[in-house]
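A.B. asks: Mind looking over this structure? Questions follow.
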Amino acid sequence: MIALIYIVFFVVYGLISIFVINKFYRFSKRRYSKGWVGGWLAALLMYNLVFWDWIPVYVMHKYYCSTEAGFWVYKSPGQWIKENPDMVGRKWGVNEIGKYETINEDTHRSWSSDRIYMEYTQTRSFNDAIGRSESVLVDKATGNALARAIEFYRGSPGALALGANSLSDYKIWLSLGHRNCGPTTAIQGFMDFFSSNRYALEQLGKGEVK
């Protein structure tokens, strides 16, 4: 259904654009003998009516990826377990612990054990076109971060689904190409590395990996 809506929208938009460009071209040619000037101005006008944020969003996303995004390990799962051998064999895992907390509307916390938790913050900027996600793995006893990941997402993964949260979610062109900052092999970018690190710690804590 939503795909049909997109097709109808772009067909109507294309026809209107052709009509407007043609009108501007004829007027400019008749009035100033330079039809191409009016045609280009009309094309620019019609482009910006819909795609005004396409280039700015790509530029800002590229900037955030190069200056803020990444994955950092401050203490490896193996090193932490080595320093805390008493935690091996205890209850580990988000499903086993079942403890979740809401810090505020943007930040949530889930526990891997009675001592380790993940704090996850998600915000959006640039008219909701760019999403920022940050995950931090924290040792409650010391307050120190064990690992951190920051990822930026361009557009919305649900752009072709109904029920989006904002107008930007329907702009499928913002999601074209590689929409996060991490390697193309990682679906969720740097968050995949973070999840693997957290899982490794949980497995070591359960004593299932030596």
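A.B. asks: Taking helices (runs of 4 or more DSSP H) that do not extend beyond region 37-143, which have at least 1 residues that are in the same structural domain as residue 184 (by TED's automatic domain parsing) and closer than 30 Å to residue 9 by Cα?
C.D. replies: Result: 54-67.
A.B. asks: Regarding region 4-23, can at least one residue be identified that is in a helix (DSSP H, G or I), exposed (fewer than 12 other Cβ atoms within 10 Å of the Cβ), modelled with pLDDT under 90 and hydroxyl-bearing (Ser, Thr, Tyr)?
C.D. replies: no
A.B. asks: All but one of (1) of a type in the set (Phe, Trp, Tyr); (2) surrounded by fewer than 14 Cβ atoms within 10 Å (Cβ to Cβ); (3) at pLDDT 95 or above hold for residue 64; state the number of the condition that does not hold.
C.D. replies: (2)
A.B. asks: For region 135-149, what are the residues that are small (Gly, Ala, Ser) and touching a residue at least 40 places away in the same chain (Cβ under 8 Å)?
C.D. replies: 135, 145, 147, 149
A.B. asks: For a quick check of your reading of the model, give me the residue pairs whose first member lies in region 89-106 and is at positive phi, whose second is part of a loop (DSSP other than H, G, I, E, B), with beta-carbon atoms closer than 7 Å and at least 6 apart or on different chains.
C.D. replies: 89/207; 93/112
A.B. asks: Condition first: in contact with a Gly (Cβ under 6 Å, 6 or more places away or on another chain), exposed (fewer than 12 other Cβ atoms within 10 Å of the Cβ) and at pLDDT below 95. Can you find one or more residues in region 69-88 that meet it?
C.D. replies: Checking region 69-88: not a single residue is in contact with a Gly (Cβ under 6 Å, 6 or more places away or on another chain), exposed (fewer than 12 other Cβ atoms within 10 Å of the Cβ) and at pLDDT below 95.
A.B. asks: Here is a follow-up. Show the residue pairs that are 6+ apart or on different chains and have beta-carbon atoms under 9 Å apart, the first residue being within region 49-75 and of a type in the set (S, T, N, Q), the second being in a loop (DSSP other than H, G, I, E, B).
C.D. replies: Pairs that qualify, where the first residue is of a type in the set (S, T, N, Q) and the partner is in a loop (DSSP other than H, G, I, E, B), are 66/181.
A.B. asks: So, of the residues in region 114-134 that are touching a residue at least 60 places away in the same chain (Cβ under 8 Å) and closer than 16 Å to residue 196 by Cα, which turns out to be surrounded by the most Cβ atoms within 10 Å (Cβ to Cβ)?
C.D. replies: Filtering first and then ranking leaves 116.
A.B. asks: For region 141-195, what are the residues that are at pLDDT 95 or above and charged (D, E, K, R)?
C.D. replies: 148, 151, 192
The values are calculated or read from the model by the stated rules, or taken from the named source; none is laboratory data. Being a predicted model, the structure only gives us computed values, none of them experimental. In this analysis, Cβ positions are derived from the backbone assuming ideal geometry, glycine residues included, and neighbour counts consider all displayed protein chains.
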